[in-house]
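Structure incoming, see below.
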Amino acid sequence: MVSAGDHIRAMAHVVRADFTDALIALPAWLGGQVLVHMPVGELAAVTGRLCDDLPGTRLTVLARLDALLEEDLELQDWRVQTRREAA
């Protein structure tokens, strides 16, 4: 994880996606047990993938990992995970 101010770059992966919303796990936040929501349109713009191809997609995101609620994560700067980040 890389820190940027109060935000930390964390790994994430898409668990589920339908036509409007995706559910994403952030393993560094609450052990990945609570999924966060993201509009599929925004996620498709970041990944270049269609809804059916999103589950399993690995990403990174800047997040406030000390947040207690999803809205307090202040998720920003989503990126497709690179091989280097995956190692």
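What follows is calculated from the coordinates using simple rules that are stated; it is not laboratory data. Keep in mind the model is a prediction, meaning the values are calculated, not measured. Please note: Cβ atoms are built from the backbone with ideal geometry, for glycine as well, and neighbour counts cover all protein chains shown.
Based on Cβ point charges of +1 for Lys and Arg and -1 for Asp and Glu, what charge dipole magnitude is obtained for the chain about its Cα centre, in debye rounded to the nearest 20? Could you put the intermediate results ahead of the total?
Numbers: 8 positive and 13 negative charges, 104 e Å.
Roughly 500 debye for the chain.
Continuing with the same structure: Rounded to the nearest 500, what is the chain's calculated 222 nm mean residue ellipticity when only DSSP H runs of at least 4 contribute -39500 (n - 2.57) each, over all residues? Write down the numbers at each step before the final one.
On the way: 2 runs with 12 residues, N = 87.
Mean residue ellipticity, 222 nm, calculated: -3000 deg cm²/dmol.
Follow-up question, since we're still on this one. How many nm is it between the label spots at L23 and D52, if each spot is 7 Å from the Cα in line with the beta carbon?
2.1 nm
When only Cα pairs under 8 Å and 6 or more residues apart are kept, what is the percent relative contact order across the chain? List each step's numbers first, then the result.
Values: 159 pairs, mean separation 24.8, N = 87.
The normalised contact order for the chain reaches 29 percent.
A follow-up question, please. Give me the orientation-averaged projected area of the Cα convex hull of the stretch 1-52, in nm², one decimal. It would help to have the intermediate numbers written out before the result.
Working: hull surface 15.8 nm².
If I average the Cα hull's projected area over directions, I get 3.9 nm².
Treat each spin label as a single point 7 Å out from the Cα along the C-beta direction, and report the R83 to R9 distance in nm.
Inter-label distance under the simple model: 1.8 nm.
Could you work out the equivalent-ellipsoid semi-axes for the stretch 4-87, taking the square root of 5 times each eigenvalue of the Cα gyration tensor, largest first, in whole Å? Kindly include the intermediate steps, with their values, before the conclusion.
Details: eigenvalues 74, 43, 26 Å².
For the stretch 4-87, the semi-axes come out at 19, 15, 11 Å.
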